Amino acid sequence: MSKRNPEYDFEWCPGCGDFGVRRALENAVQARMIEAELPMENNVVVAGIGCSGNMVHLLEGPQPFGFHGVHGRTLPIALGVKMARPELNVIVVAGDGDFLSIGGEHIGPAAQRNLDICVVIMDNAVYGLTKGQSSPTTELGVVTSSTPFGKMEGKVNPLELYLTLGASFVASSYSSKVKDLTVLIKQGMNHSGFAIVHVQSPCTTYNDTHEAIRGNPKKQITPLAYDVPEAHDTSDLSAAKELARIPGVPLGVIYQDPESVSINQRIAELEARAEVKSPAELVDTYKI
Amino acid sequence: MEKKQNFIVRFAGEGGQGVVTAAEALAQAAAQVGYHVMTFSTFPSQILGGPTWTQTRVSTRPVLSSGDELDVLVAFNREAYDAHSPDVGAGGVIIYDSASFQLDDDSQSLGMPFDELGRSTGNLRAANMVVLGALAKLIDWPGSYMDDFVTDRFTRGRAEDEEIIKSNHQALGLGRDEAVKITFKLGELSDPIPCEGEQILIRGNDAVSMGALTAGVEFYVGYPISPATPILVSMERNLVGPGKFAYQASSEIESIAAILGAGFAGKKSMTATSGPGLSLMSEGIGLGWMAEIPAVIVNVQRGGPATGLPTKTEQSDLLMALTPAHGDCRIPIIAPGTVAECFEGTVKAFNWAERYQGPVILLSEMMLAERAQNIPRPDVEGTVVENRTVYRGENGYRRFEAAEVSPMPIPGGPGAYVANASEHDSIGDTTHLPQRHILMTERRFSKLKLLEDGTYESDNADQRVAIMPWGGSKGPAREAYDQLVDEGEKLAWFYTIFLHPLPPALLEELRSKDLVIVPELNFQGQFSSILRMDGVKAESITQYTGLPFKVSDLMKRVREHISVAAKESVTA
C-alpha cells in the first residue's frame, strides 16, 4: 500500500528476499534507462503469480508498464510483447513455482527461440502465497504442508535445466547481494537473447535459508553461496554445466553464449527474403 | 426435356486418389464460365488413404447448400460405391472405375478404367481429366468449358506446359468418348447466368485470413489443429514485413497468452484454433476480458467433445465460446454462416475487439472452413476498419478509473499501468475491496453495450412462427425456408452473425414470436437455450452426425414444429 496505490494491501514478510531483488531490479532498470536515454515507459515488467509476482506493483520510482498475468504464463506473454515491439525492454519476474512448475513447458521454446528478454527468478523453494507447499526446488524428503511425510520427488537443478534447454545467458545470485545482482540483471538485459538470472530469495516464513546461504561461523555452518571462480570460462557450455552441478549457490555469470543471435535478429534476415503483398493483391489471387 | 438448373456430383474414394482435386477442378472450371459453385469435403484424420469424399454443386443461381441428392456419383472403388450410391437421386448416374470393380449393366452407370485411360495419354496424372471429360459430356457442356480451364490451369510459363495441356485435353476427350457410348441421359445443364461484378473462388478459412489482413491484423500466433491450420499457414506466408509477426506456438496456451501480450503492446492480434485448443485457451480468454486487451480468437468448430471428430462438422462450441472462462464474463461472438460472411465477420471481430478493448470470438466451423465457394470480391479498399482509442496524455493516468471503456496506454508511450489478471484498482494494482470489484465488474460488462450495432436479416417478419439458424446451418435452412414458403407455409426468417450481443431490435422481434425454430448441429440445442434465457420461445432442430443438414430433412422437421405450434395455439 502506498500513496500511489491506496487500495493495494499486499506486503512481503519482513526479511523476505524479494525486497533485495526489487532494489536490484529498480537500480538496474533505472541505470539502463539513463544509459540508453529511453524513458521508463519503454520497459515492460511481466510478472507471474505468487509473492514474487507482486514485484510489479511494489516497484518504486518512475513506473514501467506492467503485465501481471495468469499463473505460469510469463514467457508466452513476454513473447507477445517482445515480438510485437522489439524496441521495448522486456523483463520477466517470477518465482520457482510459477516458472519451473506450472510454467515449465515454456522455458524450452523461449530458449530455442532465444527470445530477447531478461528473466529474474526468485527461488525460495516453497509456495509462499498459498502457505507453504513444496515446489520443484524443494529438496527430497522435506516436510511441507503438501508433503506431510516428506517430499517424494527429487529437486530440479534449475541452472542445469536452463543450460540444457539452451538458454544463452544464465546467472545465479542471492537476494541480499543487491549490488552484484544489479550488475547481473543489467548484463542479462544487455544480452542479445534469452537471459535468466536465477536468484535465491529466501522465504522467511516458510523456508528461511538466509543463514544456510550466508553461512554462520559461530554455528559452524559453511555458506552455500560461493563466488563463481575467476578462472571459469563463461563462454564454455560444458564448463558451465559442470559448475551448475556443484552443490551450493554460485554467485555470478554461469554461461553466456558469445555468439548469441536472438529471434528478432533472425527475423530481420528472413523478412528480407519475403515477398509482401497488400490485402487487395492477396484477395485478387483468388479471382476466378 | 427441361434444362437442369443444378448439378451435384460427389467424388468418393481413398485419400490420395485425387478426389478433392477433381471436385475443385470442376468447381473452378464451372466458376470460370459463370456458374455458381460450392464444394464440400469430408475426409479422415490421416495423411493418406481412408475413405474421402468431396461434393461439388454447380448452379445457375447462388448456391446455399452442398445439396441433398446426387446427380452423379464418381466412385473410385467398391467401398465408395456401397457407401454413397443410396444418396444418388432418381435418374442419377454413377461413373465408376471399372479397373477397380464392376457393376451390373442395368444400373445407370458408366464404367471405365480411370487410370488406364489417363495413362494412355502419356500423362500419369490425367485420370481425373478422363472423369471430368465424361462428366462434362453428361450435362452437355460445350467442350470448350473444360478445354479452356485446362489451358488456363497448366499455362505456367514452363517448357513442358504445352505437352501437359495436350495430354489433359486428350484425357478429357477420352472421357467424352466414353460418355457418348451410354444410352441414358442425365439432362443438359442450363447455360450460366454470369454474375455481376468480380467474383473470387475461396475457402472459408482463407476468407477469414483475408478478412484479418484487411482489418489490419499485425500479430498472429497459432498452433496447428484441424480444421483451423490453413489460417496459420496463410498468416505465416502473408503476415510478414516490418511491424508484423506470424508464428507457430508451442501450444494454444502459448498462442493466447502471446496474442494478449501483443495486444497489450498495441498490436491488432489474432489466433485461430478448434475446440481442443479453445479449451486450452480458457484461462487466457478470461485474462483478456479481465485485463481489457483487444484480441480476436477464431474457433473453427469440429465435432467434440475432447478430441472428438477432428475432420467433421458440428456447431457445439457455442456455449463454451460464450463463457469460455471461469468467473463473470461473457465473450462477444460473431458466427459467419457463409464464405462471404467469413470475411465480413472477421473484419467485424477486429473492429469489435478494438472498440470494446477485449477478446472477441469468431465462431467458424469445419463445413465453412473447407468449403470453396464463389463470392463477390470483397471490397477491401472500402472496408471500414476501426482502431482502439490510445491514451496520449501525461503520465499519472488512471487507466481503469472510468465506469466505461477508456483510452488505452501503449508501452513506450505515456500512462504506464499494470494489465492485471487479478481484480485491480484504477492503475491496475491488485485489490480486494468489494466496492472496486463491483465497479470493475460493471465496467467490463458495460462495454458490451458498444457492440449492439449488429445487423440482421428478416423476411415475412410478421408471421407468428419463425426459423432462425446460426452459422453454417444458414445455407440449408434458407433453402428449406424458401421451399416451405413457396409451398404456402407461414414462416418468418431471421438470421444474424452477431450471436453475442444479439442486435437488440432482433431480440425484441424474436420475443414477440409464438415459436422460433433453431436448426443447429449439436445435441443440446445450444443456441435455443440461450434464446430461452433471453425470453424467446425457442426450440431447436438438432443433428449430431458430423455432417451438415440436408434440406429435405429440415423441411420435414420444420413442418412438424409448425403443426405442433399451430395445435398449441388452438388449445390456448
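Read the figures in this text as sums done on the coordinates, not as results from a lab. Values in this document were obtained by computation on a predicted structure and should not be read as measured data. No Cβ is skipped: glycine too gets one built from the backbone with ideal geometry, and neighbour counts run over all protein chains shown.
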All-pairs alpha carbon distance profile, region B:360-409, 5 Å steps from 0, percent: 4, 12, 12, 12, 15, 11, 8, 11, 8, 5, 1
Cα lying deepest toward the dipole's positive end in chain B, options B:247, B:445, B:131, charges on Cβ: B:445
Alpha-carbon radius of gyration plus Dmax, which is the widest Cα pair, for region B:389-451 in Å: 11.8, 33
Two-site label geometry, residue B:236 and residue B:401: point separation in nm, points 7 Å out along Cα→Cβ: 4.7
Cα lying deepest toward the dipole's positive end in the protein assembly as shown, options A:54, B:463, B:111, charges on Cβ: A:54
Potential lengthening between residue A:13 and residue A:211 on full extension [0.36 nm per residue; Cα-Cα distance subtracted]: 69.6 nm
Estimated dipole of the protein assembly as shown in Debye, rounded to 20 [Cβ of Lys and Arg +1, of Asp and Glu -1, Cα centre]: 1600
DSSP bridge orientation in chain B - percent antiparallel, rounded to nearest 5: 40
Inter-chain shielding of A:108-117 (mean C-beta neighbours from other protein chains, 10 Å cut-off): 1
For A:54-67, mean number of other protein chain Cβ atoms within 10 Å: 5
Of all DSSP beta bridges in region B:255-413, antiparallel share, percent nearest 5: 5
Pairwise centroid distance, computed over Cα atoms, of region A:244-288 with region A:165-223, Å: 29
Convex hull (Cα only) mean projected area of region B:6-181, reported in nm² to one decimal: 10.1
Residue B:184-residue B:3 pseudo-label distance in nm [points 7 Å out on the Cα-to-Cβ vector]: 2.4
Dipole in debye (nearest 20) - chain B, about Cα centre, beta carbon charges: Lys, Arg +1; Asp, Glu -1: 1020
Mean ellipticity per residue at 222 nm, deg cm²/dmol - from DSSP H runs of n ≥ 4 across chain B, formula -39500 (n - 2.57): -11500 deg cm²/dmol
Loop-located GluC sites (Glu not before Pro) in region B:342-439, at most 13 other Cβ atoms within 10 Å (DSSP): B:381, B:394, B:401, B:404
Shielding of A:34-40 by partner chains, average beta-carbon count, 10 Å: 1
Positive-end residue of A:89, A:263, A:142, charge dipole of chain A with Cβ unit charges: A:142
Global size of the protein assembly as shown as Cα Rg and Dmax, reported in angstrom: 31.5, 110
Estimated distance in nm for a label pair at residue B:392 and residue A:3, the labels positioned 7 Å out from Cα along Cα-to-Cβ: 3.1
Rounded, prolate or oblate (a/c below 1.5 giving rounded, otherwise prolate when a/b exceeds b/c) for region B:463-525 by Cα gyration tensor: oblate
Largest-first ellipsoid semi-axes for chain B, taking √(5λ) over the Cα gyration tensor eigenvalues, angstrom: 46, 29, 19
P(r) of region B:355-482 over all Cα-Cα pairs, binned every 5 Å from zero, in whole percent: 2, 7, 12, 14, 14, 11, 10, 9, 9, 8, 4, 1
Share, in percent, of DSSP beta bridges within chain A that are antiparallel, nearest 5: 20
Percentage relative contact order, region A:18-262, counting C-alpha pairs under 8 Å, at least six apart: 18
DSSP-assigned coil residues among GluC sites (Glu not before Pro) in region A:205-288, each with at most 14 further Cβ atoms within 10 Å: A:230, A:259, A:275
Mean shadow area of region A:167-246 over all directions, Cα convex hull, nm²: 6.5
Alpha-carbon centroids, region B:125-149 and region B:250-271: separation in whole Å: 47
Computed E for residue B:68/residue B:198 - FRET, C-beta separation, R0 45 angstrom, nearest 0.05: 0.90
Gyration tensor (Cα) of chain A, equivalent ellipsoid semi-axes in angstrom: 34, 22, 20
DSSP-assigned coil residues among chymotrypsin sites (Phe, Trp or Tyr not before Pro) in region B:99-192, each with at most 13 further Cβ atoms within 10 Å: B:184
Principal-axis tilt of helix B:204-215 within chain B, Cα atoms, nearest 10 degrees: 40
CD proxy at 222 nm, helix term only [per DSSP H run n ≥ 4: -39500 (n - 2.57); per residue of chain A; nearest 500]: -9000 deg cm²/dmol
Full-stretch length increase - residue A:220, residue A:270 - with 0.36 nm per residue and alpha-carbon distance subtracted: 12.2 nm
